[in-house]
Structure formats: C-alpha cells, structure tokens
Amino acid sequence: IQREEVTSSCCQLDDLKRLPHFHGNLGKLRFSTTHTVLIDVSVFNCGAGLIAQEGRDLWNSNFVKMPCSQAMNHSGPSQAARWKLISKQLSALASKKSVKVDHVVAAIIKFNPKYKDRWSFDALHTFVEHVPKTENYFHTLFPKIAALALKLPDQIKKAIPLLQRGRPASITLSQVQISCLLANAFFCTFPHRNTSRPDAEYHNYPSINFSSLFGNWSERKKEKLRAIMHYFNVVTNENTNLEGLVTFERRCLRDSDAPSWRSSSEKLQKLYVTSDGSIETEGTGLLQVDFASSRIGGGVLGSGLLQEEILFLINPELIVSRLFTEKLADDECVIITGSQQFSCYSGFGDSFEWAGPHEDGLERDEWARLKRQILAIDALHFKNSREQYNMRKITRELNKAYCGFMGEKGHKEPDIATGNWGCGAFNGDPQLKAVIQLMAAAKSSRGLAFFTFRNEQLERSLQQMYHLLVTERVTVGKLYALLEDYCDVLHKPAGSHVDLYEFIRKNITGVRSQL
Ligand code: AR6
C-alpha cells in the first residue's frame, strides 16, 4: 500500500528528466532536404568556427525575400536598387558615433517611402526621451545596429526557406546570423512584409519589420523597447561572444501519427505541480511550452505582453521565427532549440518590467546550441467558454499538444514544462487543459512539470485528481471516454455547470463501487 501511495503522488521537480542529462546522441551536424543549415557544416564539424554557407540567392515563393537579394525579379524596381539605397542610408548612420531618433526614422522612411504618413514612431521617440540619462545609450547604439544590418550579404549567402504549412522542415542558423536578420527587422528592410491585407503575399505570416513596435506609445512599449535595445546592445558589443547555433523546426502531425485517443491504453506519466515559479525559470532544461499564437510570437512587435510575448522579449532570437514561419495549422507546432535568454523581467501584462541583463549559464549541445528547448503550440481561442466542451475541439487540442510532445523516435527527450496553456487570453478552462496535457504527455511517454502561476486552488485540485487517476490506473482512453460523457452532460438542456474534476471523481469511484 505504501509503495502505491508513493508512486501515485506527484513527483518532485528533480525527478524529471532535463536536457543536460543527454549527451552524444546528435552526431555530426548535417544538412538535408528538410534541414537547411545556413553555416558551413564542414567547417563547423572540424571545429573551425561558424562561417556563412555559400549558396544561391533565390527570389520566389518558397524562400524569404531578402532585402539584399540580387536575384532578378519581374515585379517593379529591382531589389538590388533598393538594397543600394538601404546600404547608403545605413552606412551614413553607421559612420557616426551618435545618431538621433529623427535620423533613424528618416533612414527607414527613405527606403519605405509608401509608409511616410502611415507609420508613427512616437513610441521610439518617447522611449529615448523618457529613459534616464544614465541608462540612455541609444544614440550610440543606433549606428551599431545599422552596421550590423549592413553585414547581411556577408552573413546570409544561402536562401532561407520558408517553413510552410504542411511541410515539416528545420532551419539552423548562427546567433550572429540571427542578430543580423533582427537588425534588418529593426530598420524595416524586409521587402513585401509591411502589409497584412488578405491579398498580400505574406498575409499568412507574422509581421517581422519592427515598424509596429515603434508607434503607439504606452508604458508597455517602454518596457518592450528596453528589452529589445538591451539585446542589440549586447550583440553589438565587441566583447560579446555569440558562439552558438539555433534550430527552428516545424513539425506536422501526419494523419498516420494522430492517436486514436479513445483506444489508448497508456497510463499517466510523472507529474510535478506547483503554484510557485515559472516555466522559463524553474522549467529550465525541460521542453518549455510557449502559449503561442498561430502566428508565432503573437503581439510581440505590437502591444501584446502575455506569456508568449514576454518569452520572445527575454529571448529575442525567437523573434526571427516570424520571418519564415507560416501560420500554424491545427496539427502543427514549432520547436526552437538553442535560443539565448538575454534579459530578466518581472510582472505580466501591464505590470511587465524589464529587470536587467540575464547571464545565460546553460551548456551547449554538440551542435553548439544552448540546452534550451521551446515548444510553440497555439491553443484554440474560445470567445465563449462553453465552446470548449466539445470532443472535436478537445481532440484538436490533444493532437496539437501531442504534435509538440511526441518527440523524435529513438531520441532521448526531456520532460515538459507547461501550465495554463490557452487559459488566459484564449479563455480555456485550466482544469480541462491540464487533463488534455496530461493525456498528450502520457501518450508521448513524457513527464510534466505544471506551473499553475500562483493558482493554489488549481495546484491542489490537480494534485488530488492526479492521485486518483494514478491509483485507479486510469488510461488515456478511459479519460477520453470520461471527457465525452462530461461534454454530453454539460450540453443537456438546462444542465448546470458541473466541475470537471468532481465529475471524473464521481464517475471513477462510482464505477468502482458498482463492481
Ligand atoms: N509560466 C507559467 N505560467 C504562466 C506564465 C509563465 N511564465 N505566464 C503566464 N502564465 P496566456 P493563452 C499562465 O494568456 O491563453 C498571447 O498573445 C497565466 O496563468 O499568455 O494561450 C499569444 O501570442 C496565464 O493566464 O496564454 C496568443 O495570441 C496563462 O498562463 C495568446 O496570448 C495563459 O497565458 C495565447 O493565450
């Protein structure tokens, strides 16, 4: 009886598997038809550093259209002429020691003339004016960001594929290459990326040029800009050694991999639940869930400041995913391995504050990637909370979570750090989402660390529910059937709301007492 009690209780955080435990299963860095590597793999594999991979510059619908593209295209003035203009403007800024915001704005507008009266830069202006003199290094930082952006043709020589819908594929690039791409995003140089009209070429992609970050001043914008400027300050500092790689992988759940949930016989895996701490801190080394938008990064370049946006602000390298990741479909996710955390923060939403530099002490794997893995999965957005008690929607959420949790066959994967996925802006029920994630983790044979984000009641109820499910040896299939019954009960005419965990408890213990 005692043994049963121990194993049916939640585990400790230290009982979960973390990334640093795994060594030596990656092999040499290789590119393939589905894995584009933007640095020279042979140079990297013999330990001679990170240099840009030579390759072709392509201007078509399968690749990122680059601001410095010299490729011929048939629409309007050639990009080569535009890059000449961009280079002239940026070189002028880069040659100065100190640059005013007005000059930054003038340069951006010179090569984006259509937006002269449409873009506002009041947030950037106010920000630079508001920050105390002692902290105000921005005038001398602007020339350095311009110099970094100018290096684009030397840094990226091979076309960057788009991670398109329905096509699993990965891109590995260096942290220096990412910084150079983000410096271009800062100066809004990416072509065809300034409109989200339904007929626009990239309407299915998130925005990447920073124009929306620079307008609509608010306290939120101030804190966001502090985090972003801190990132540029670090990456342009000559003493910074950005020595790693980062991989962005789009995964799609093939029909043949979608589980038959009703007939799944797996039992629950380990669970750690806490109302203290956060996914990104205490969950370090686990697969950390990003409560994402289908357009990865959500409102990071606008005014959004929830879990995903905060994650992207403290790890700004994640923002580059917006350059090439098409909107996620129901059965897709993105996994990012190796991004660096540059900042600390406090608060959430309106209370968010940039809280200074973060020294990332993580080890690197054999591909020079920091041992940090982030999983972007977008939950459904329920305008009306009742909508979620529907098996079609529940199955969608199960498959979405499973797509991210399932891991690669034969690989040793860390356990997962998650929490109230889809339960803030997206209005999900935290109890239901916790069960869904437990089921997806069980199906993937991975343990869960669940951060309830100061919700002590959820912490207790989840611990009790887990204890019951494990002692009663409830399988994933059985839980699925219970959810079906629960949805039926809720949708009965005049049915009042029944607590999910209460319903599960009654049904399980009721079944036992009938035996
Ligand atoms: N660690 C653990 N839990 C957290 C953390 C954290 N760092 N931060 C927040 N929570 P939300 P969603 C908890 O609203 O509902 C963004 O704009 C906290 O209880 O960010 O999936 C995206 O781009 C919070 O209420 O996620 C999407 O567009 C809950 O997690 C959209 O929001 C949910 O956080 C996604 O909304």
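Sorted into 5 angstrom bins from 0, the C-alpha pair distances of the range 185-248 split as 3, 14, 16, 19, 20, 16, 9, 3, 1, 0 percent.
Once C-alpha pairs closer than 8 Å and six or more residues apart are averaged by separation and normalised to the residue number of the chain, the relative contact order reads 18 percent. Binning the alpha carbon pair distances of the range 286-329 at 5 angstrom intervals from zero yields the distribution 5, 25, 34, 26, 9, 1, expressed in whole percent. Return the aspartates and glutamates within reach of K65: Cα separation strictly under 20 angstrom, same-chain partners fewer than 8 residues apart disregarded; answer none if there are no such residues. Partners within reach: E54, D57, D154, D199, E201, E249, E317, E326. What does a probe at A329 reach in the range 159-178, counting residues whose amide N is under 15 Å from the point 7 Å along Cα→Cβ? Correct set: 163-169. Short-range pairs are left out: with C-alpha atoms under 8 Å and at least six residues apart, the relative contact order of the range 219-320 is 28 percent. How big is the gap, in Å, between the Cα center of the range 201-229 and the Cα center of the range 350-429? The distance from the Cα centre of the range 201-229 to that of the range 350-429 comes to 22 Å. Remark: the C487-L468 segment gains 4.8 nm on full extension, using 0.36 nm per residue and subtracting the alpha carbon distance. The slack between E129 and N62, meaning 0.36 nm per residue of separation minus the straight C-alpha distance, is 19.9 nm. Relative contact order of the range 388-515, taken over Cα pairs closer than 8 Å and 6 or more residues apart, is 27 percent. Based on DSSP H segments of at least four residues, each scored -39500 (n - 2.57), the chain has a per-residue ellipticity at 222 nm of -11000 deg cm²/dmol. Each DSSP beta bridge with both residues in the chain is either parallel or antiparallel, and the antiparallel ones are about 55%. Short to long, the 10 Å bins of the Cα pair-distance histogram for the chain hold 4, 18, 28, 24, 15, 7, 3, 0, 0 percent of all pairs. For E359 and F503, the difference between the fully extended length at 0.36 nm per residue and the C-alpha to C-alpha distance is 47.2 nm.
Of the cross-linked pairs K157/K327; K17/K412; K17/K371; K327/K412; K393/K506, which ones have a Cα-Cα span greater than 19 Å in the structure shown? Table pairs above 19 Å Cα-Cα are K157/K327; K327/K412; K393/K506. Here K492 is the anchor, and the aspartates and glutamates within straight C-alpha reach of less than 16 Å, apart from those fewer than 8 places off in the same chain, are E387, E484.
Values in this text are rule-based calculations from the coordinates and carry no lab data. Computed from a prediction, not measured in an experiment: that's the story for all the values here. Cβ sites come from the backbone with ideal geometry, for glycine too, and all protein chains shown count toward neighbours.
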